[in-house]
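Structure record follows, encoded as C-alpha cells.
What follows draws every value from the coordinates through simple rules; no lab data is involved. Quick caveat: nothing in here was measured; it's all calculated off a predicted structure. So basically every Cβ, Gly included, is an ideal-geometry build from the backbone, and we count neighbours across all protein chains shown.
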Amino acid sequence: MPTARAALERLKEGNRRFVASIERGEATFRPPKRADLAQEQRPSAIVLGCSDSRVPAEIVFDQGLGDLFVIRVAGNVVSPSQVGSVEFAASRFGTRLVVVLGHSQCGAVVATIEELRRPAGTQSRNLRAIVDRVRPSVEPLLATDLADHPEELLRRAVRANVLAAVDHLRHGSEILEQLMRTDGLRVVGAEYSLATGEVEFFEGVDGL
C-alpha cells in the first residue's frame, strides 16, 4: 500500500494526464482489471467528493477500477455515514490518503448562500440537512465585505466548505485520529476547476 505522499503524487500525475487529454481533445480510459479485483481491493486513496455529475473522481484523476475508494455526496459534506465510510476504507484496506475534493461553482454551496440570503422555507428536511452542514462555512463570509462580491464569495465559500470537511475528518473520529498519529494517514483538501479540469491541492499537503 502506498504512503500518503506516494498516493498524492499518483493523483497529481493522473490529473495532469486528464488535463492534457482535454487539451488534445481526447478521452482517457484505463483498461479494466475486473478479474484481479474480484477477490479484493486495495485503493491507493479515499476521495470524499461532491455528487456533481461533472466531477467523477476516477476520471479527473485518470484512475481505473480499484484505484480509488470514492464517497460522493452533494456539497462533499461530512455526516456520520461519510465518516464511517472513510473509517472503513482506511481500516480495512490500509489506504493512507484521504482527499476531500470540492469544485468550483458548487451547487450545494450556491444553494446555501441563496438560502441564507433569502430563506425560502420550502426545502425538504433532507435537502435542508445538506444546507445545514454547509451553513457554518458560508455564514461568517456573508458577514464580511465578500457579501457584495458574489463570485469571490462563492470561491471562498467552496474553499471554506472543503476545509470544514477536512477538519471534521481529522478531529471527528477516534479511529482516524489514531491512524493519523501512528500509521501515516493524511487528510488533505483539494478543489477541481470545472473550467480547466485542474485539481489544486491547497490544504494538508505541505507535510507530505
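A few notes on this one:
- Prolate/oblate/rounded label for region 58-113 (Cα gyration tensor, a/c 1.5): oblate
- Sorted fewest first by neighbouring Cβ atoms within 10 angstrom, M180, M1 come out as M1, M180.
- Cβ-based charge dipole, the chain, positive-most Cα from G64, L11, V47: G64
- For the chain, the longest principal axis of the Cα atoms and the long axis of helix 80-93 meet at an angle of about 20 degrees.
- Average Cα contact separation per residue, region 111-195, under 8 Å, 6 or more apart, as relative contact order %: 21 percent
- From least to most packed, judged by other beta carbons within 10 angstrom and beginning with the fewest, D132, D52, D206 follow the order D206, D132, D52.
- Nonlocal amide H pairs with F202, under 5 Å, H built at 1.01 Å: G189, A190, E191
- Share, in percent, of DSSP beta bridges within region 4-203 that are antiparallel, nearest 5: 20 percent
- At 0.692 mPa s and 37 °C, Stokes D of region 63-208 from Kirkwood alpha-carbon radius, µm² per second: 203 µm²/s
- Taking each residue as 0.36 nm, the span from L65 to T3 lengthens on full extension beyond its C-alpha to C-alpha distance by 20.4 nm.
- Relative contact order of region 4-203, taken over Cα pairs closer than 8 Å and 6 or more residues apart, is 25 percent.
- Cα lying deepest toward the dipole's positive end in region 53-152, options H103, P140, A74, charges on Cβ: A74
- Residue-count net charge about E174 - beta-carbon cut-off 14 Å; Lys, Arg +1, Asp, Glu -1: -1
- Label zone at S124, where the point sits 7 Å out along the Cα-to-Cβ direction: region 48-86 residues whose backbone N lies under 15 Å: 74
- Computed [θ] at 222 nm, helices only, for the chain once each DSSP H run of length n ≥ 4 contributes -39500 (n - 2.57): -15500 deg cm²/dmol
- Karplus-derived 3J(HN,Hα) values for region 137-152, using 6.51 cos²θ - 1.76 cosθ + 1.60 with θ = phi - 60°, are 7, 9, 4, x, 5, 5, 8, 10, 5, 4, 4, 8, 10, x, 5, 5 Hz; glycine and proline are entered as x.
- Fewest-first sequence of S81, S173, S53, S91 by Cβ atoms within 10 Å of each Cβ: S53, S81, S91, S173
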